[in-house]
Amino acid sequence: MSWKRTLGRASFINCDPIFYSLENRWNLLTAPPSWLTGHLLRRDCLIAPIPSADYASNSDLLQLVPDIGIVSEGKVGSVIVFGNRSLDSMRDIAVPTDSSTSKILLKWLLNKMNLDPRFIEMPPDLDSMLSKCDGALLIGDRALISASSRPEMTQLDLGYEWTRMTGLPMVFGVFAARKDSPLIEINIARKDLIEQYESFKNIDERRASVIRQSAETVDFPINRISAYFDDEVSNILDKSSINGLTKFLGEVCGMNEVPTWSH
């Protein structure tokens with residue numbers, strides 16, 4: 001399997017609109033977002049959606065792929081702190097081992113709220129996390145499912161809090177490639193990914209197929225997944241999203257130089 005014909009794919013439904021049926025043209029390497037960073041650095045794949053914080057940590061080796069990402073403007077629905085007590089009374093919060101952007105974002109948000117609970121890394125299982133800590137951070141499909149099944153719990157949506165504080169979208173994940181990867185291949189992949197998303201947004205039959213598959217994956221009603229893709233998560237980086245990403249990389253991750261956008 002050639003790494004130049006392999007795309008990393010996050011093991012959450014938030015990327016389904018751009019990866020649906022793409023296995024007919026590309027090899028797909030599926031893993032949690034934070035694992036994809038390692039795969040990308042090891043040349044297991046050409047492009048992958050990785051946590052924005054991981055890009056900041058590896059920007060000397062990685063380049064951003066323009067126009068695509070994992071974005072929310074307001075509520076994201078799938079990056080949430082859960083608890084049985086109010087946020088300001090949480091002494092400790094369990095954070096998942098498969099996360100990086102959400103952990104650094106949560107620390108920044110709590111600091112803005114003058115809160116400083118301990119972070120304890122644990123495998124991402126809500127019940128076991130809350131058996132040892134007052135709060136638990138979950139991301140991806142686990143967060144989406146838990147938000148629906150545990151409505152009685154305190155829930156802090158990190159996408160909502162970021163937009164409330166900054167007025168900007170939150171870019172949880174970016175698509176990246178190694179700087180030494182062939183630009184021709186990167187642009188071919190980027191074009192395919194954007195076309196996939198445009199098809200999802202503009203072709204009713206395709207949209208219905210994607211939503212049906214995503215709903216089956218997490219065992220959710222069709223209308224809930226439709227709302228998730230319409231109102232909570234997007235895969236396109238527009239000007240406002242780039243401003244949000246720039247603020248996150250600079251203010252939260254401490255990057256000194258803003259990435260350039262060229263293709």
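The values are calculated or read from the model by the stated rules, or taken from the named source; none is laboratory data. These numbers were taken from a predicted model, which means no experiment stands behind them. For neighbour counting, all protein chains shown are included, and Cβ atoms are generated from backbone atoms with ideal geometry for every residue, glycine included.
Counting residues in region 222-243 that are loosely packed, with under 14 Cβ neighbours inside 10 Å and either over 19 Å from the mean Cα position of the chain (by Cα) or assigned by TED's automatic domain parsing to the domain that holds residue 109 (or both) gives one or more.
Let me confirm something: among 220, 172, which residue is in a loop (DSSP other than H, G, I, E, B), out of contact with any Lys or Arg (no Cβ under 9 Å at 6 or more places or on another chain) and closer than 18 Å to residue 10 by Cβ? Explain how you work it out, then say what you get.
Numbers: 172 fails: in a loop (DSSP other than H, G, I, E, B).
It is 220.
Exactly one residue out of 67, 92, 98, 88 is in contact (Cβ under 8 Å) with a residue 12 or more places away in the chain and within 28 Å of residue 195 (Cα to Cα): that is 67. Any residue in region 185-206 that's assigned by TED's automatic domain parsing to the domain that holds residue 15 and closer than 20 Å to residue 227 by Cβ: show its pairings with residues that are aliphatic (A, V, I, L, M) and not in a helix (DSSP H, G or I) at Cβ separation under 9 Å, as long as the two are six or more apart or on different chains. Matching pairs, first to second residue: 197/68; 197/236; 201/236.
Output the helices (runs of 4 or more DSSP H) that fall wholly within region 1-93 and possess 2 or more residues being surrounded by fewer than 21 Cβ atoms within 10 Å (Cβ to Cβ), or say none.
On the way: elements: 16-19, 33-41, 52-57.
Answer list for region 1-93: 33-41.
In the set (1) in a loop (DSSP other than H, G, I, E, B); (2) in contact with a helix residue (DSSP H, G or I) (Cβ under 6 Å, 6 or more places away or on another chain); (3) closer than 15 Å to residue 138 by Cα, the condition left unmet by residue 99 is number (2). Give me the residue from region 135-147 that is buried (at least 21 other Cβ atoms within 10 Å of the Cβ) and free of Cβ contacts under 8 Å to residues at least 60 places away in the same chain and, out of that set, farthest from the chain's Cα centre (by Cα). Restricting to residues being buried (at least 21 other Cβ atoms within 10 Å of the Cβ) and free of Cβ contacts under 8 Å to residues at least 60 places away in the same chain, the top hit is 135.
Go through region 126-156 and count every residue that is hydroxyl-bearing (Ser, Thr, Tyr), within 12 Å of residue 77 (Cβ to Cβ) and touching a strand residue (DSSP E or B) at 6+ places or on another chain (Cβ under 7 Å). It would help to see each step written out before you state the result.
So the first thing to find is which residues in region 126-156 are hydroxyl-bearing (Ser, Thr, Tyr), and the list is 128, 131, 146, 148-149, 154.
Among the residues that remain, those that are also within 12 Å of residue 77 (Cβ to Cβ) are: 146, 148.
From the residues that got through so far, the ones that are touching a strand residue (DSSP E or B) at 6+ places or on another chain (Cβ under 7 Å) too are 146.
The qualifying residues number 1.
Kindly indicate whether residue 131 is modelled with pLDDT of 95 or more and surrounded by 14 or more Cβ atoms within 10 Å (Cβ to Cβ). So residue 131 fails the test. Selection of region 236-248 for residues being out of contact with any Asp or Glu (no Cβ under 9 Å at 6 or more places or on another chain), within 19 Å of residue 76 (Cβ to Cβ) and not β-branched (Val, Ile, Thr) yields 243, 245, 247, 248.
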